[in-house]
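Notes to accompany the following structure.
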Amino acid sequence: MISNESLLLAAIAIPFLGSLVAALLPTNARNLEAWLAGSVALAEIGIFSVLYPAITDGQVVRSEWAWMPTAGLNFVLRIDGLSWIFALLIAGIGGLVFLYARYYMSPQDPVPRFFSFLLAFMGSMLGIVFSGNLIQLVFFWELTSVFSFLLIAYWHHDAGARSGARLALTITAAGGLCLFGGVLVLGEIVGSYDLDEVLASGVLIRSHDLYLPALVLILLGAFTKSAQFPFHVWLPRAMAAPTPVSAYLHSATMVKAGIFLLIRLWPVLSGTEAWLWLVATTGLITFVTGAYLAMFQNDLKGVLAYSTISHLGLTTLLLGMDAPLATVAAIFHVMNHATFKASLFMAAGVIDHETGTRDIRKLSGLYRYMPVTTALATVAAAAMAGVPLLNGFLSKEMFFAETIETHDGSLMDTLLPYFATVAAAFSVAYSLRFIRDVFFGPPPTDLPREPHEPPHWMRFPIELLVVVCLLVGMFPNYTIGPFLNVAVASVLGGTAPKFNLAIWHGFTLPFVMSIVAMAGGIAVYAFLKLYNFDSRKIPWPAIGDYIPTDFAGTTARSVMRWIGTRSLQPQLRSVVCFAFVAGLAPLVGRTLFPETLQLTKIDAAFALVWIIGVVCALATAYQAKFHRLAALIFMSGAGIATFLTFIYLSAPDLALTQLLVEVVTTVLILLGLRWLPKRDERLLKTDSSMLMRRYVDLTIAMVVGTGLAMLAFAVMTRPAPQYNLAEFFLHRSYAEGGGRNVVNVILVDFRGFDTLGEITVLCIVALVVFALLRRFRPSPESIGSPEQKRIQEAFDVDHPDRRPGETIADYLLIPSVIMRLLFPVIGTLGIYLFLRGHDLPGGGFVAGLTLAIAIILQYMGGGAAWVEDRIRVFPLRWMAVGFAFALAGGGIALAFGYPFLTAFAYDLHLPVIGSLHLSTVLLFDLGVLAIVLGATVLIIIALAHQSIRTHRKPKATAAEEAA
């Protein structure tokens, strides 16, 4: 029987595996992709059903794998009542959205990519709610920002979709960085990032001096994700996404992530004045502002976007009230809002799909053509407005009941019931406008399409959600009651209050507030219709709507105008100076060097090498403004000086790496020189301003370089209780890492996690370079300098009998032959360096560069067409396989209960061959080799197709072959 812990791991893994499979499906298999996504959702619901008995009565199912235990980073999955409720919403509404999307998306759309992104987003959301480690939670948190960006920009041909996606990513990713900072501070307070330990340390956290910084940073993360004022501006602009995305992300998942975080950390962060004022005030402003702005939107999805903002503000306000019953109401409203808002988004999509427009001003009288959709949308909108016998009414009543309670006796607390009633009236007004103006009135005219009912299965998700709204509204204790109790118990524990979900509590003050809100909403709607107000006549400024649509681009341009120019130098100057200050701050008042140091005598030959290197570096800086090729040559000279330094200091592994890096980067820069912008003629001037700037740059370089050298020297000479840093690795390299090559053991074992991050960045850089060069590929006529073209023309005149497509390079037989013959020699050397790398100078990185050089020579000798006609070059596959090997090399340890990237070594004795020293890091190192080779070759291919002859020789005709 499968354990609960295994089921929990499967619940996280299945969506990501489904995402990978969906991405590989053919573009015309829309049914297959929908079936795949739906099967994933059904599997998730089945897993949660099996786990439900284990999390009742406040119980927790927890599964933990050692990841980086010394840093407090273990991979922990944890499910309790609250996370179970959110997971059910994620999977349940996700499954309905997948079914809906099958009929909404056009066959011409790249549907595999759509379902792949949706499934990956589902997995990221489940990662948030199941994370038992705060750092792990932040990782999945940022994954949701990335995948939401891809989903919002799905129709990337639309400028509005692109700008909306950039805006959402800018705000939510910035909030994620704040959340990361807050989590680090919280971990510093508690001494652990484990969620269970954090939840058990409420008194310690609230009494700590760092409580307020942690609270502010965490709230910034939650507020940006859940579109709280003033960060709400990204949500309306995200409506450029396909409607299934809006129905999923903006009703049940992404915007609920911030609310989930507030509920999750409510037991340890609430209970203070700061929590009350920051959370409650933000929620109140968001609640009222969102409801007000929703009344004036002319786009159906715009109405729903601002109403979502308002309801998110309502939930935040409930959590900010700092009362157990208010928290119960917040959890209840999260569940209710997800059901009626998802159904309304899908109804809006149906209207757009069947009529061709979402503009309320063009829609009218649709009940004549779409009676079933009219009934469904009316019920869902009534639930949103809080009409009795629907689920929205129950949580609204609980909200009203909490607003009339005394919390701190302040003026805001006294006025809270009035603000709540006004905002509720606005919600009735925009709900009434959504139904009255769209479905009733005269028949529509000039619609892009003839309206009609959608296919039954496209409407089925709406029908099911509307039934849920009705059943919960009429039979709350029998439908939602048990699940709500489980969720509340997991948050409040023994302090959970008793509550009653009865649909009638008598003629109470909250009921009166509901009646007033309903009547007031009808009156507001009638007033707006009487005076024909629309979004261009808002009587009160829509704060936040004046932010430009391309917020991210506008902000970026403003920053660039402030810190830089078109040149890269000002940006580099800012980065270097900031890094210097950040590195200097922790060292102020500390002693860098030990009291006694035994320095060696300076060797004259070694000093000469450094003098040559310094001269080359200065010559590089001087020649950069006159001749870039000369600057590149001098820069290589400085690199060779570094190579000789490593040789002199008995570091052959580093020397070998430096030499190969110099070769590869020199060739790549040579190929890329033609892509650099023209030199700024102002650099050739010698006026005082230009000289001053160059002196400033020289000063910065010298100060920062000296500081970094001193810091490195201090680290290497710093005494330790037993031995210094170098001796630490020398003593433990073979005993714990299973290798005698200390440098390689550090890279693939002691600092393997850093290497994994570095090769990931290398993959990203290679893909970006390739994408940019593909986008700006020049025409064949533009390749080559005028001098090269003149030489080629002269060659054509001197060789009138040449075959079509032949160039000068085809007649340079000796260099080409030598380059081609070197391929197997260099390839064998690369394999040799890889196999010996764990005990002798070499390794995956060096071997990858060596093999890349072998391929570079082929491109230089024969050109891109010649190479690709003879060698199967698949750099993307190499990178993917390499990444899989790197993960497998670290994942083997997890299978045996050890931390990720733990190395295992074994000495195997074979006849004839002798002893073999095997280690699991060989897999990791093989991954490094494949990624370095793939990334380098990918960049080479991109540059070769730009700068090297890329034509293919035409096949000879039969007559030519006979001749």
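Residues in region 689-715 near a label at Trp610, defined as backbone nitrogen under 16 Å from the 7 Å Cα→Cβ point? From region 689-715, the list is 702-703, 705-714. Extension gain for Ala71 to Ala585 (0.36 nm times residue separation, less C-alpha to C-alpha distance): 182.7 nm.
By the count of neighbouring beta-carbon atoms within 10 Å, fewest first, Trp266, Trp155 end up ordered Trp155, Trp266. Shape class of region 170-236 from the alpha-carbon gyration tensor: prolate, with a/c at 1.5 or above and a/b greater than b/c.
Taking the Cα centre as origin and putting +1 on Lys and Arg beta-carbons and -1 on Asp and Glu beta-carbons, what dipole magnitude results for region 270-532, to the nearest 20 debye?
Values: 13 positive and 16 negative charges, 113 e Å.
Roughly 540 debye for region 270-532.
Taking label positions 7 Å along the Cα-Cβ direction at both Leu767 and Ala519, the computed distance is 6.0 nm, reported to one decimal. Between the amide H of Ala624 and any residue lying 5 or more places away or on another chain, no distance stays under 5 Å, with hydrogens modeled in the peptide plane. The 3J(HN,Hα) values that the Karplus relation (6.51, -1.76, 1.60; θ = phi - 60°) gives for region 440-452 are, in residue order, 10, x, x, x, x, 10, 6, 7, x, 9, 6, x, 6 Hz. Gly and Pro appear as x. List the pairs from Lys256/Lys301; Lys341/Lys529; Lys362/Lys396; Lys301/Lys341; Lys256/Lys362; Lys396/Lys498 whose alpha-carbon separation is above 21 Å, in the order I gave them. From the list (Lys256/Lys301; Lys341/Lys529; Lys362/Lys396; Lys301/Lys341; Lys256/Lys362; Lys396/Lys498), the Cα-Cα distance tops 21 Å for Lys341/Lys529; Lys362/Lys396; Lys256/Lys362.
As a size descriptor, the averaged projected area of the C-alpha convex hull of region 270-532 was calculated at 14.0 nm².
Around the amide H of Thr902, modelled in the peptide plane, lie the amide H atoms of Ala893, all under 5 Å away and 5 or more residues distant in sequence or on another chain. Region 204-268 and region 84-159 have Cα centres separated by 17 Å.
For the peptides 391-401, 878-888, 601-611, residues were scored by their other Cβ atoms within 10 Å and the scores averaged per peptide; the highest-first order is 391-401, 878-888, 601-611. In terms of other Cβ atoms within 10 Å, Glu142, Glu273 run from fewest to most in the order Glu273, Glu142.
Label point 7 Å out from Ala54 along Cα-to-Cβ: which residues of region 65-97 have amide N under 14 Å? What the label zone holds, given the 14 Å backbone N cut-off, is 65, 77-81, 84. Would you mind classifying region 316-444 by shape? Square roots of the alpha carbon gyration tensor eigenvalues, ordered a ≥ b ≥ c; an a/c under 1.5 is rounded, otherwise it is prolate if a/b is larger than b/c and oblate if not. Judged from the Cα gyration tensor, region 316-444 comes out prolate (a/c at least 1.5, a/b above b/c). Projecting label points 7 angstrom from Cα along Cα→Cβ for Val661 and His452 puts them 6.6 nm apart.
Rounded to the nearest 0.05, what FRET efficiency do Asp907 and Val825 have when you use their Cβ-Cβ distance and R0 = 25 Å? Mind showing how you got there, number by number?
Details: r = 31 Å, r/R0 = 1.25.
It comes out at approximately 0.20.
Approximating the spin labels as points 7 Å out from Cα along Cα→Cβ, the Thr596-to-Ala621 distance works out to 3.9 nm. In order along region 397-402, phi translates into HN-Hα couplings of 4, 5, 5, 4, 4, 6 Hz, rounded to whole numbers, per the Karplus curve 6.51 cos²θ - 1.76 cosθ + 1.60 with θ = phi - 60° and x for Gly and Pro. When a/c reaches 1.5 or more, the comparison of a/b and b/c decides; with that in mind, is region 568-617 rounded, prolate or oblate per its Cα gyration tensor? Judged from the Cα gyration tensor, region 568-617 comes out oblate (a/c at least 1.5, b/c at or above a/b).
Throughout, read-outs are computed from the coordinates displayed, never taken from laboratory work. Small disclaimer: the values here were computed from a predicted structure and weren't measured. Reconstructed Cβ throughout: ideal geometry from the backbone, glycine too, with neighbour counts over all protein chains shown.
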